[in-house]
Amino acid sequence: MSPGQTFVLMIIFMSTMGWVITTWIRARHGYPLENEWSGIAAKEAPEAERKISLLSSENDRLTGQIGRLEERIAVLERIATDPAERTAREIESLRGQAN
């Protein structure tokens, strides 16, 4: 066998092994297996759809929580870096609004 033929066979072998390893990882972690001719090879289980929906709602909740925490951190940074007189003046004005 010539070196060129060996090289071509090695490329085919490596790409096939990459496909096998990728498919194994996807199957192990519960992702649907895809097939290039007919789309998804296996039907998704109903519990998988429920997990996806639960994870999506949790993701939305956590995204909102992160946004609120970023706002609070920005306020704390402003308080920490502003002069004391200005902060005291703003606190007094807020007390005046509450009454």
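Around GLN65, what is the net charge, scoring Lys/Arg as +1 and Asp/Glu as -1 over all other residues with Cβ under 12 Å from its Cβ?
After counting each charged neighbour, the total is -1.
Rg and Dmax of the chain, Cα atoms, in Å?
28.8, 93
In segment 46-77, which residues have a backbone nitrogen under 17 Å from the label point lying 7 Å from THR87's Cα in the Cα-to-Cβ direction?
Inside the label zone: 72-77.
Nearest 500 deg cm²/dmol is fine: what mean residue ellipticity at 222 nm does the chain get from its DSSP H runs of n ≥ 4 alone, each adding -39,500 (n - 2.57), divided by its residue count?
Result for the chain: -27500 deg cm²/dmol, rounded to the nearest 500.
By how many degrees, between 0 and 90 and to the nearest 10, does the Cα long axis of helix 84-98 differ from the longest principal axis of the chain?
Taking Cα atoms only, the helix is inclined about 80 degrees.
Show me, for segment 71-83, the HN-Hα J-couplings you get by feeding each phi into the Karplus relation (A = 6.51, B = -1.76, C = 1.60, θ = phi - 60°), rounded to Hz, glycine and proline as x.
With the stated coefficients, segment 71-83 comes to 4, 5, 5, 4, 5, 5, 5, 5, 5, 5, 9, 7, x Hz.
Report the local net charge at ASP82: Lys and Arg +1, Asp and Glu -1, summed over other residues whose C-beta lies under 15 Å from its C-beta.
Around ASP82, the charge tally is -1.
Every read-out reported here was derived from the displayed coordinates using simple, explicitly stated rules and does not represent laboratory data. Model, not experiment: these values are computed from the prediction. Cβ sites come from the backbone with ideal geometry, for glycine too, and all protein chains shown count toward neighbours.
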